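Engineer: Let me give you the structure first, and then I'll get to my questions.
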Amino acid sequence: MKLIATDLDGTLLNEANEISVENASAIRKAQQLGITVVIATGRSYEAALKPLADASLTCPIICLNGAQIYLENGELIRNIPLDKVACEKIIEACEKESVYVEAFTSHGGFSISREEFIRILVNIMKIHYPTLSTDTVNERMKQRFQDEKIEIIEDLNLIINNEDINIYKFLAFSLEDHDLENTRKQLEKNEDINITSSGHMNLEFNHPDANKGRALSIYADKLGIEMKNVMALGDNFNDYSMLQLAGLSVAMENGDPAIKELCDYTTKANTEHGVAFAIDKVLKALV
């Protein structure tokens, strides 16, 4: 393997939204052996940087599901915004189903209700991490607004009508599966919109060319690396495109069953340093 791509949430990050010492150590070991490690995440660039900085790691970053690619030095080399008409359709569909939605743009993130986000995410966190206290969950939700720099505005259409703002991704949440499904059905035939999901109870909307697989292929080609020499790790459907193209695809034990079925190998869960386990296995094969 010459290139390793890893998702963040549910993959490299543990239940505390941190990169464990074990995972960080495995990444450094791979880098020391000349293997490039790239982060491929649905997060914004700024939000992806934080856990890396906390673990004293430096990596190139594919962010917003492939809408942007940043080199290790912070240089932006790919930028794929959504079409403005597509943005209008996404907002209209989400509003029709009363689905909470955020927009990620060239000027940061935007939402119309901080309280609604916290309410939904607290419930989701309780489902996935039942041992966490309510206070801990609430603090993490509030911290997330700071990490992503979410600005509250009256109407998301205000940013669509601003010619100085590019919109790269919409992230929709709901506690009701049928609301998300109805939202998907309204938009799934639109050729200007790619629909994925990064977890239970959410949908993500990007430009069709903004996906992790396409971005990873572009980055690998830039390095002169064939996809057969790429390992990709992920847990959910926004990882599907890169897992499908990678020479070695690795699913997390906590991943969606369909993702596990797709992948060549399933590693341990994100709460058990699964990325480190997979990287160490690959490095041993190289020795």
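Engineer: Which one is nearest to Ser174 (Cα to Cα), of the residues in region 92-118 that are hydroxyl-bearing (Ser, Thr, Tyr) and buried (at least 17 other Cβ atoms within 10 Å of the Cβ)? Steps first, please.
Structural biologist: Step one: list which residues in region 92-118 are hydroxyl-bearing (Ser, Thr, Tyr), which gives 98, 100, 105-106, 111, 113.
Add one more test, that the residue is buried (at least 17 other Cβ atoms within 10 Å of the Cβ), and what stays is 100, 105, 111.
Numbers: Tyr100: 6, Thr105: 21, Ser111: 14 Å.
The extreme case among them is Tyr100.
Every residue, every condition in (1) in the same structural domain as Asp135 (by TED's automatic domain parsing); (2) modelled with pLDDT of 95 or more; (3) in a strand (DSSP E or B), yes or no:
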site	(1), (2), (3)
Glu15	no, no, no
Ser25	no, yes, no
Val38	no, yes, yes
Thr58	no, yes, no
Asn65	no, yes, no
Glu72	no, yes, no
Ala93	yes, yes, no
Ser98	yes, no, no
Phe104	yes, yes, yes
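Engineer: Between Leu216, Leu158, which is buried (at least 20 other Cβ atoms within 10 Å of the Cβ), of a type in the set (A, V, I, L, M) and at pLDDT 90 or above?
Structural biologist: The match here is Leu216.
Engineer: Please go through region 168-225 and pick out each residue that is in a strand (DSSP E or B) and polar (S, T, N, Q).
Structural biologist: Asn194, Thr196, Asn202, Asn206
Engineer: Separate question: Considering only region 247-276, state which residues are out of contact with any Leu (no Cβ under 9 Å at 6 or more places or on another chain) and without any contact (Cβ under 8 Å) to a residue 60 or more places away in the chain.
Structural biologist: Glu253, Asp256, Pro257, Ala258, Lys260, Glu261, Thr266, Lys268, Ala269, Glu272 - these are the residues of region 247-276 that are out of contact with any Leu (no Cβ under 9 Å at 6 or more places or on another chain) and without any contact (Cβ under 8 Å) to a residue 60 or more places away in the chain.
Engineer: Which of (1) touching a Leu at 6+ places or on another chain (Cβ under 9 Å); (2) surrounded by fewer than 17 Cβ atoms within 10 Å (Cβ to Cβ) is the odd one out, the single condition Lys185 does not satisfy?
Structural biologist: If we test Lys185 against (1) touching a Leu at 6+ places or on another chain (Cβ under 9 Å); (2) surrounded by fewer than 17 Cβ atoms within 10 Å (Cβ to Cβ), just (1) comes out false.
Engineer: Suppose the filter is under 17 Å from the mean Cα position of the chain (by Cα), closer than 21 Å to Gln68 by Cβ and either surrounded by fewer than 21 Cβ atoms within 10 Å (Cβ to Cβ) or charged (D, E, K, R) (or both); does Asp209 pass it?
Structural biologist: Yes.
Engineer: Right, another one. For residues in region 75-91 being more than 20 Å from the chain's Cα centre (by Cα) and in a helix (DSSP H, G or I), which is surrounded by the fewest Cβ atoms within 10 Å (Cβ to Cβ)?
Structural biologist: Val85
Engineer: Could you grab me the full set of residues in region 41-56 that are under 15 Å from Gly10 (Cα atoms), outside any helix (DSSP H, G or I) and not polar (S, T, N, Q)?
Structural biologist: The answer is Gly42, Arg43.
The values are calculated or read from the model by the stated rules, or taken from the named source; none is laboratory data. None of these values were measured; they are calculated from a predicted model. Reconstructed Cβ throughout: ideal geometry from the backbone, glycine too, with neighbour counts over all protein chains shown.
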